[in-house]
Amino acid sequence: MEGDAELQDLYREVLLDYFRSSTRKGRLDPADLRAHGINPVCGDELEITAQLKDGKVAKLRYAGHGCVISQASAAMMAEALEGADIAKAKDLVAAFKRLMLENAPLASLPEELEPLASLEGVRKFPLRVKCATLGWNTVMQGFEEKAQ
Amino acid sequence: QVIAALTGFYERSNANVHRGVHTLSEEATNLAEASRRKLAAFVGAPNARTLIFTRNATESLNLVAQSWGRKFLKAGDAVLLTEMEHHSNIVPWQLLAAERGITLKFVPVEPDGTLDLGKVKELLDEQPKLFSFTAVSNAIGTVNPADELIRLGKKAGAIVSVDACQWAPHRALDLKTWGADFVSFSAHKMLGPTGIGVLWGREALLEAMDPFLGGGDMISRVTLDRSTWNELPYKFEAGTPNFADQVAFGPALDYLTAIGLDVIRAHEHALAAKARALLEAEGATVLGPKDAARRSGVVSFNIPGLHPHDVGTAFDLEGVAIRVGHHCCQPLMNKLQCGGTARASFYLYNDESDLEAFSRALKRTIEFFGLKGNKAGVR
């Protein structure tokens with residue numbers, strides 16, 4: 001069935017696993033970084049909290065609700081960024097956004113972002129790209145507010 | 001017929017209206033005004049000059065807030081709305097509140113998506129200057145007892161403004177007897193072209209109000225230091241109107257009249273009832289009142305464990321178009337404690353084959369996300 005193949009392309013098993021996982025789900029308190037993001041169109045909501053230590057993202061958590069894509073992407077973001085240097089974390093955000101928004105080739109994805117290749121299908125659904133980038137934009141917001 | 005009228009107009013009668021003395025302009029004007037008169041007959045307006053064409057119902061509702069609100073409301077006055085209003089009937093009042101210091105109050109929505117008349121009466125006892133409500137909820141399909149709400153509002157001395165966007169295409173309107181002061185709706189929800197909204201207002205009110213937008217057509221005489229206004233409805237129709245679409249609206253009304261709104265309503269209700277049954281059989285939650293008499297042809301639902309956005313995309317890939325999200329009713333969604341819903345709406349052009357497609361898409365979606373046998377998503 002045609003619809004089926006497309007559904008599978010968009011919602012790969014790995015995405016559904018990340019959606020269902022509760023690793024790194026929650027809220028840190030106290031937190032050095034705290035940011036809140038919403039998708040006004042559909043109501044996806046994410047709160048990102050992180051503890052920063054010695055220039056690294058020591059711990060990162062995400063909380064909220066929303067579609068499979070927004071939540072799975074946030075889970076992947078948390079996994080990729082936790083433990084990274086802050087500068088590296090920001091690079092990873094930029095790389096993911098290039099994939100989503102500028103159609104960067106999959107090969108350009110840094111290896112830390114390998115699971116994100118499963119979101120490649122989202123690019124065919126421009127309206128859902130916002131879902132995929134929500135968590136990343138939110139954490140970036142957090143970094144920027146920290147810097148001020 | 002609407003498309004034919006539109007292309008016919010552009011091919012043969014296209015000329016700006018109300019301005020030219022040449023033949024084509026006069027013909028165009030006559031066609032556009034004939035449409036207005038046809039609409040007046042369709043909705044039972046006492047006369048066509050109280051029907052104002054806007055760009056959409058949102059603009060109509062903004063017109064009420066701006067042209068009526070600015071002139072007749074002062075700081076401390078209260079406006080009563082409901083929690084189930086579309087943003088277009090909340091935001092303009094919030095803008096006015098920020099500007100004028102008026103207070104906004106809201107009739108709460110009950111868990112089943114209805115309004116409690118007892119609470120409406122209590123809030124009306126506080127004597128708001130204006131009471132505005134949606135006749136039928138676009139988000140969850142609740143049909144409000146509009147006649148009764150208008151009556152209660154008038155009894156309490158309020159100006160009553162009704163958002164009839166979801167009512168007008170499906171239920172007969174008789175503005176003369178309804179008794180409201182302002183009624184807004186739009187053409188594109190009733191088989192008409194886009195870009196046409198309607199505001200009906202009680203004549204005395206419209207005469208007393210200040211203009212909304214200023215410019216050509218709404219004036220009578222302009223000098224450098226002052227201008228006088230044109231008569232109704234033109235006082236509220238500044239600039240070149242969307243006259244081609246105004247003309248094309250006529251055939252839509254003819255079509256609806258020929259079939260009959262009652263027939264249409266029965267048809268869409270039967271489909272909606274079956275859709276609800278299908279959804280409930282698959283374990284989905286259907287929002288809104290249980291009583292079919294209090295429902296429109298709109299079926300808003302949630303599949304437990306799935307976000308509406310995912311439902312929408314899955315259905316789309318199965319060839320079924322539904323709307324998802326908050327449907328421009330975020331306060332309602334918050335009250336009902338859901339981030340959004342998936343919404344299937346039925347109209348005269350839907351039939352059993354659409355229901356079959358809906359059923360397939362529903363089953364396929366549930367199966368795909370592994371929700372059968374509860375391999376459900378988190379939350």
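If I model a spin label at residue A:22 and residue B:154 as a point 7 Å from the Cα along the Cα→Cβ vector, what separation in nanometres do I get?
5.7
Averaged per residue, what accessible surface does the range B:1-98 expose to a 1.4 Å probe, in Å²? Could you put the intermediate results ahead of the total?
On the way: 4300 Å² over 98 residues.
Per residue, the range B:1-98 has 44 Å² of solvent-accessible surface.
Looking at the protein assembly as shown, what % of the alpha carbon pairs are farther apart than 32 Å? Walk me through the intermediate numbers first.
On the way: 73708 of 138601 pairs.
Of all Cα-Cα distances in the protein assembly as shown, 53 percent exceed 32 Å.
Could you compute how much accessible area chains A and B hide from each other, both sides summed, with a 1.4 Å probe? Nearest 100 Å² is fine. Show your work: numbers first, answer last.
Working: alone 7750 and 16850 Å², together 22550 Å².
That pair hides around 2100 Å² of surface in total.
Using only the alpha-carbon atoms of the range B:226-359 as identical scatterers, what base-10 log of I(q)/I(0) does the Debye formula give at q = 0.13, 0.16, 0.23 Å⁻¹?
Here log10 of I(q) over I(0) equals -0.71, -0.91, -1.36.
Dividing the convex hull volume of the alpha carbon atoms of the range B:1-97 by its residue count, what do you get in Å³ per residue? Let's see the in-between values first.
On the way: hull volume 15.3 nm³, N = 97.
Per residue, the Cα convex hull of the range B:1-97 comes to 158 Å³.
With contacts defined as alpha carbon pairs under 8 Å and 6 or more residues apart, what's the relative contact order of the range B:213-267 in percent?
Values: 40 pairs, mean separation 15.6, N = 55.
Relative contact order for the range B:213-267 comes out at 28 percent.
Just going by the charge dipole of the range B:170-240, with Lys and Arg at +1 and Asp and Glu at -1 on Cβ, which of B:201, B:223, B:170 is farthest out on the positive end?
Toward the positive end, the furthest listed residue is B:170.
Within the range B:95-200, list the trypsin sites (Lys or Arg not before Pro) lying in a DSSP loop whose Cβ has at most 13 other Cβ atoms in a 10 Å radius.
Working: sites: B:100, B:105, B:119, B:121, B:129, B:151, B:154, B:155, B:171, B:176, B:189; in loops: B:129, B:171.
Passing sites in the range B:95-200 do not exist.
Can you list the residues of the range B:287-317 that have at least 50 square angstrom less accessible area with all protein chains present than in their chain by itself, probe 1.4 Å?
B:307, B:309, B:310, B:313, B:317
Please give me, ordered by residue number, the GluC sites (Glu not before Pro) of the range B:163-237 that lie in loop per DSSP and have at most 14 other Cβ atoms within 10 Å. Present the calculation step by step, with values, prior to reporting the outcome.
Details: sites: B:203, B:207, B:231, B:237; in loops: B:231, B:237.
Sparse-neighbourhood loop GluC sites (Glu not before Pro): B:231.
Residues with beta-carbon under 14 Å from that of residue B:266, excluding residue B:266: net charge, scoring Lys, Arg +1 and Asp, Glu -1? Walk me through the numbers before you get to the answer.
Numbers: positive: B:171, B:265, B:274, B:295; negative: B:262, B:268, B:351.
Charge balance near residue B:266 sits at +1.
From the Cα trace of the range B:279-326, what convex hull volume per residue do you get, rounded to a whole Å³?
Values: hull volume 4.4 nm³, N = 48.
It is 92 Å³ per residue.
For the residue pair residue B:282 and residue A:8, what label-to-label distance in nm results when each label sits 7 Å from Cα along the Cα-to-beta-carbon direction?
About 2.0 nm separates the two model spin labels.
For the range A:82-132, what mean projected area does the convex hull of the alpha carbons give, in nm²?
On the way: hull surface 14.2 nm².
Hull-based average projected area comes out at 3.5 nm².
May I ask you to give the percent of accessible area on the range B:164-261 that is carbon plus sulfur, with a probe radius of 1.4 Å? Please report the intermediate quantities before stating the final value.
Values: 2050 of 3880 Å².
Using a 1.4 Å probe with all protein chains present, the range B:164-261 comes out at 53 percent carbon and sulfur.
With the alpha-carbon atoms as the only input, what is the per residue convex hull volume for chain B in Å³?
Numbers: hull volume 56.1 nm³, N = 379.
Each residue corresponds to 148 Å³ of Cα convex hull volume.
Over the range B:45-115, with every protein chain in place, what whole percent of the accessible area is carbon and sulfur at 1.4 Å, could you tell me?
Values: 1390 of 2550 Å².
For the range B:45-115, the apolar C and S fraction of the accessible surface comes to 55 percent.
When only alpha-carbon atoms count, how far does chain A stretch along each of its three principal axes, as whole angstroms with the largest first?
Here the Cα extents, ordered largest to smallest, are 51, 30, 25 Å.
Considering Cα pairs under 8 angstrom that are at least six residues apart, work out the relative contact order of chain B and quote it in whole percent. Walk me through the numbers on the way to the answer.
Values: 691 pairs, mean separation 70.7, N = 379.
Taking the mean separation of contacting Cα pairs over the length of chain B, I get 19 percent.
Quick one: compute the contact order of the range B:24-173, relative version, from alpha carbon pairs under 8 angstrom and 6+ residues apart, as a percent. Mind showing how you got there, number by number?
Values: 190 pairs, mean separation 30.4, N = 150.
Here the relative contact order equals 20 percent.
The values are calculated or read from the model by the stated rules, or taken from the named source; none is laboratory data. This is a predicted model, so every value here is computed, not measured. Counting neighbours? That spans all protein chains shown, and the Cβs are built from the backbone with ideal geometry, glycine included. What goes into the accessible areas is simple: the full protein's heavy atoms, side chains included, and nothing from ligands, DNA or RNA. Shrake-Rupley method; radii C 1.70, N 1.55, O 1.52, S 1.80 Å.
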